[in-house]
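All of the numbers you see were taken from the coordinates with simple rules; none came from a lab. Please read all numbers here as calculations on a predicted model, not as lab measurements. Glycine also receives a Cβ, built like all others from the backbone with ideal geometry; neighbour counts cover every protein chain displayed.
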């Protein structure tokens, strides 16, 4: 491995001072002169016709500046995938879930806007509604969208190899059904935005988003504007986890209201509205049949999955696809058949959440693999190691494991948790379990059909040579991406991190598809690295001309110019530099030639030095020539061991310790990698133990707040031993790949397997509440 | 003959199959979803499904992240 000065260290995040001092501006901290406040009118019914809307009283209220509905504003259909543009900003004739959007009001203050909402009269005719997969699939069920019979929003059917033939060669075949529950991502900062038109008719939207680029495109389409006349700026963001990865009703409503009133319009969701908008984890039902030989060789998986998706498609096509495809690895599985169905229901739409599509599937299969290992009389770790893929392997569905430190991850947690000393040796009520998982480092395609670069970046050197400006439209949402890109730029340029000034999250800075699919470190990282290298090459080219030596004989390292073939006389350059700075007290003296001097000399020769970079996944040259790279350019992977105590009287689970190893290719910022690993464990524990969005019989959410939506607190968080594994990904910048989502994959099944080890009963439904564990214990006692 | 592909009107030869169109429009991908007149079309039916005028086809690459 090459030696580096900046990356692979524990850098302090560049946003730490602003956040620690309270200077960081989130959307709710921002205001514009003369701004109006916007609010949404949302449906109280799960399914109803809109017979009439009377907005006259609301419009007459003093202080109200605009009331908009689908009946006085043009509605352009939009969505995530162009194949499923099934939403409009406001419902015209029908609402499809409690919280569906009917109207918006802009007024001089929030109180007036809320008062106006109460004056809007909507005449609804309630319709039969469907809330479950089974009900929605009935032949005579009410149809949410006419085009999609039996409420099947999307389906995927794939077979790789020949599962039927493979099962004939198996010694053991078992089938299990597993369910998770619908979730909320429970980020700290609810969605919010401020929309403002300038006097030239250009729109600027500040928004708490993960994807400024996609919001820009959707705004342009829905408002009928050129993309170049729409600018989206992302301020500091308090988390997203996938839910903020597409345009939302606020962004579109505020922009329409701003255009109508000529005033800036600010809108926010309250916490209940965050739940009503949804777009978080689906409710999945997995049925898996896995066959193995008696020596433990995995032979085939037959997998059927149904997803309860809510009223609109959102990311659903991708969700149902990933629920199947991400079981292609990390084990050598030669035969896999998948039938997936995403179903519309009269509930808020589900979407993408950390570990998109793969988390529940991984939990189901990793638990089943443990059961198979037990039936074969094999240790679960040995069973996994036997079947584990290695670097260079390709899955049956053509996921290319260009680097894969999965074996190293398993061995690290096995040894770190002292598995061999504990497994099978713990008393009743104590348990230990392990699981594995992996995830993509970005997707092969953008959401809309395009040959677009997935990201661009610009590096510009200041005229004094002292600062390297980096501009990227990527989205820092709390995960530390700005710091990672600053580190990559510093390393590629050859300067200390302190010389980097990075700005991001603004569509004026270029194209970046945003923070989702664990894509930014690899993809934006490539673009930033390329931009810095291009600027660096220009500086060295000018130096080569000035010093009359080849550029290849020089290097830039840690802010200084290195001459690789011995000392070079550069005092004439230094004298020229110093004479431009009479009176300055920090001019170079007897130190080596500095980057600042070289960069200034380059500016004097060529003007502003600018480097640009870009990235999109490469194309395949094999079976599907011309197609995108495949599911992803690279895959991060994890293994975890969870240790639990279970109260055999109450069913209460305490997670005592987690040992977590993740292969991130090569760590850019080691502290951030560990932060992502710990955050993933936290979210996984929430899904495993507590989290469920609950509804009444009318489709109303019962726990749409952070008091009743149970999730872990700091007090529930166990010690987590994080182990970074580095496999050096050939397709990643400096060898880096993802950590943000692969690290959540093993958590839930490791908990499931540990709980089984503790109590001797398998539970196939999440979350593992005290009640569910208690009744599982009671049923076991009855048997 | 005119049909609709991914929301746009396209002219294709008479007798073209879905497999022909995948090749013609460079949609090849191991994960490709084909929706034919609003319904999922299994891969084994691609070579034998001959499109007719005014048919609607969606070629979907589901690997778009999230």
Completion exercise
Short to long, in 20 Å steps from zero, the percent of alpha-carbon pairs of chain A per bin is 16, 46, 31, 8, 0
Problem - Calculated FRET value between residue A:696 and residue A:428, using beta carbons and R₀ = 30 Å, to 0.05 - result: 0.20
Practice task
Mind checking the full-extension length gain between residue A:49 and residue A:121? Use 0.36 nm per residue of separation minus the Cα-Cα distance, one decimal, nm.
Solution key: 24.5 nm
Fill in the blank from the handout: So residue A:464 and residue A:390, fully extended at 0.36 nm per residue minus their Cα-Cα distance, gain in nm 21.7 nm
Handout entry: Spin-label model distance (nm) - residue A:612 vs residue A:28, 7 Å beyond Cα toward Cβ
Key = 4.0 nm
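Please average, across the residues of B:51-64, the number of beta carbons from any other chain that are within 10 Å of each residue's own beta carbon, and give a whole number. Could you put the intermediate results ahead of the total?
On the way: counts 0, 0, 0, 0, 0, 0, 0, 5, 2, 11, 12, 20, 16, 16.
Per-residue shielding by partner chains comes out at 6.
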Practice task
Determine the distance separating the Cα centre of segment A:1-56 from the Cα centre of segment A:313-336; give it in Å without decimals.
Solution key: 31 Å
Practice task
Grab the DSSP H runs of chain A that are 4 residues or longer, score each as -39,500 (n - 2.57), total them, divide by all residues and round the 222 nm result to the nearest 500 deg cm²/dmol.
Solution key: -8500 deg cm²/dmol
Handout entry: Peptide A:81-87, shielding by other chains (average Cβ, 10 Å cutoff)
Key = 3
Exercise for the section: Just tell me how shielded B:29-36 is by partners: mean number of partner chain Cβ atoms within 10 Å of each residue's Cβ, no decimals. Expected result: 6
Handout entry: Projected label distance in nm at residue A:4 and residue A:74, using a 7 Å step from Cα toward the beta-carbon
Key = 4.9 nm
Fill in the blank from the handout: Here the averaged projected area of segment B:2-60, based on the convex hull of its alpha-carbon atoms and given in nm², is 3.5 nm²
Practice task
Would you mind computing the Rg to Rh ratio of segment A:144-189 from its alpha-carbon coordinates, Kirkwood style for Rh?
Solution key: 1.17
Exercise for the section: Starting from the Cα-Cα distance between residue A:572 and residue A:619, subtract it from 0.36 nm times their residue separation and give me the gain in nm to one decimal. Expected result: 12.0 nm
Exercise for the section: State, to one decimal in nm, how far the label point of residue B:45 lies from the label point of residue A:92, with both points 7 Å from Cα in the Cβ direction. Expected result: 3.0 nm
Practice task
Only Cα pairs under 8 Å and at least 6 apart count here; give the relative contact order of chain A as a rounded whole percent.
Solution key: 15 percent
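In deg cm²/dmol and to the nearest 500, what is the mean residue ellipticity at 222 nm of chain B if only DSSP H runs of at least 4 residues count, each as -39500 (n - 2.57), divided by the residue total?
On the way: 1 runs with 7 residues, N = 66.
My calculation for chain B gives -2500 deg cm²/dmol from helical runs alone.
Looking at segment A:139-252, what % of its DSSP beta bridges pair antiparallel, to the nearest 5?
Working: 5 of 9 bridges.
Antiparallel bridges: around 55 percent, rounded to the nearest 5.
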